[in-house]
1. Could you tell me which numbered condition VAL21 fails, if it satisfies all but one of (1) open to solvent by less than 60 Å² (accessible area, probe 1.4 Å); (2) assigned by the TED database to the domain that holds PHE218; (3) among the hydrophobic types (A, V, I, L, M, F, W, C)?
2. Which of the residues spanning the stretch 178-198 are touching a residue at least 24 places away in the same chain (Cβ under 8 Å) and more than 22 Å from the chain's Cα centre (by Cα)?
3. Suppose we filter the stretch 31-46 for residues that are exposed (fewer than 12 other Cβ atoms within 10 Å of the Cβ) and assigned to a helix (DSSP H, G or I); how many remain?
4. What about LEU94, is it in a helix (DSSP H, G or I) and in contact with a Phe, Trp or Tyr (Cβ under 7 Å, 6 or more places away or on another chain)?
5. Got a number for residues in the stretch 50-76 being small (Gly, Ala, Ser), more than 9 Å from GLY32 (Cβ to Cβ) and part of a helix (DSSP H, G or I)?
Amino acid sequence: MAGGAVKHDYHLVDPSPWPFVGSVGAFVLAFGLVVFMKGLSGGDGALGAILGQGSPYVLILGGLIVAYTMIGWWGDVIKEANQGDHTPVVDIGLRYGMILFILSEVMFFVAWFWVFFEAALFHEARAGASWTGEAIGVDFSGWETWPPPGIETFDPFHLPLINTMILLLSGTTVTWAHHALQHGDRKGAKLGLLITILLGVTFSCVQAYEYAHAHFSFGGNLYGASFFMATGFHGAHVIIGTIFLTVCLLRLLAGGFTPQKHFGFEAAAWYWHFVDVVWLFLFAFVYVAFAGPGH
């Protein structure tokens, strides 16, 4: 009966605009990526400037809508948690949701690894597949070797190894912070989180420096495209994870989280460990196993 006492453990949320706004933002973001990478036939003038190849305007708009959705939606979830709406049953649902999200991210990276392995393992077979090259606009004539001729790869035991050590260390510091929070050591949790965030920022800076000194580009060859898509999307996840952890640190500084109720922090730690594991695979296979003699 309306207005009666709640007799179940489930949280019935109030009407929310965020699913619709988030869907619009995701569509605009995807559309903006297409425009940025390939462009559309938008004619001349202002429309051509907005929809032409390399134009970032639609991409930026989509990113802003998605960011606005995340701030508003997750802010509402935090308010619900503070109001006591997250019962044990709801908490389990949140955990399942985060687990499924991370699994979807795993499959996302499987696509990039698949492309890289396809090219690295079966390049000789692809060298004669001229009909495939014609269909997708790629010249496979120089694919007798991998990496393709003219590609000078990175030395895996220089900057990539440094970044590997940085991420492995960050995995230990975020675990330290989580363990400290579980035992009521808020000072240790804050320090561990701060160090993890600084390590994440350092990783991103080192990768940006590495990209700036790359001897191959994103366009014109499949090695560059697959390399930058795989490592670049991982880099985007590092930035997202760093922001995730920064929000947790701000909540911790504001008095949020308790040893019993801190799933927001736990989800951020799960996400960060996922980012660490993906990088280990990237380092092992993209940088080391299939680097070729070019480095």
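1. (2)
2. Of everything in the stretch 178-198, those that are touching a residue at least 24 places away in the same chain (Cβ under 8 Å) and more than 22 Å from the chain's Cα centre (by Cα) turn out to be LEU181, GLN182, HIS183, GLY184, ARG186, ALA189, LYS190.
3. Count: 2.
4. The answer is yes for LEU94.
5. Residues that pass the stated criteria total 3.
So that you can scan it fast, the table gives a plain yes or no per residue for (1) hydrophobic (A, V, I, L, M, F, W, C); (2) closer than 24 Å to ILE99 by Cα:
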| residue | (1), (2) |
| --- | --- |
| GLN207 | no, no |
| GLY219 | no, no |
| LEU222 | yes, no |
| ALA225 | yes, no |
| ILE243 | yes, yes |
| GLY256 | no, yes |
| GLU266 | no, yes |
| LEU280 | yes, yes |
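The values are calculated or read from the model by the stated rules, or taken from the named source; none is laboratory data. Please read all numbers here as calculations on a predicted model, not as lab measurements. All Cβ positions, even for glycine, are placed from backbone atoms using ideal geometry, and neighbour counts span all protein chains on display. For accessibility, only protein heavy atoms count, side chains too; no ligands or nucleic acids. Shrake-Rupley method; radii C 1.70, N 1.55, O 1.52, S 1.80 Å.
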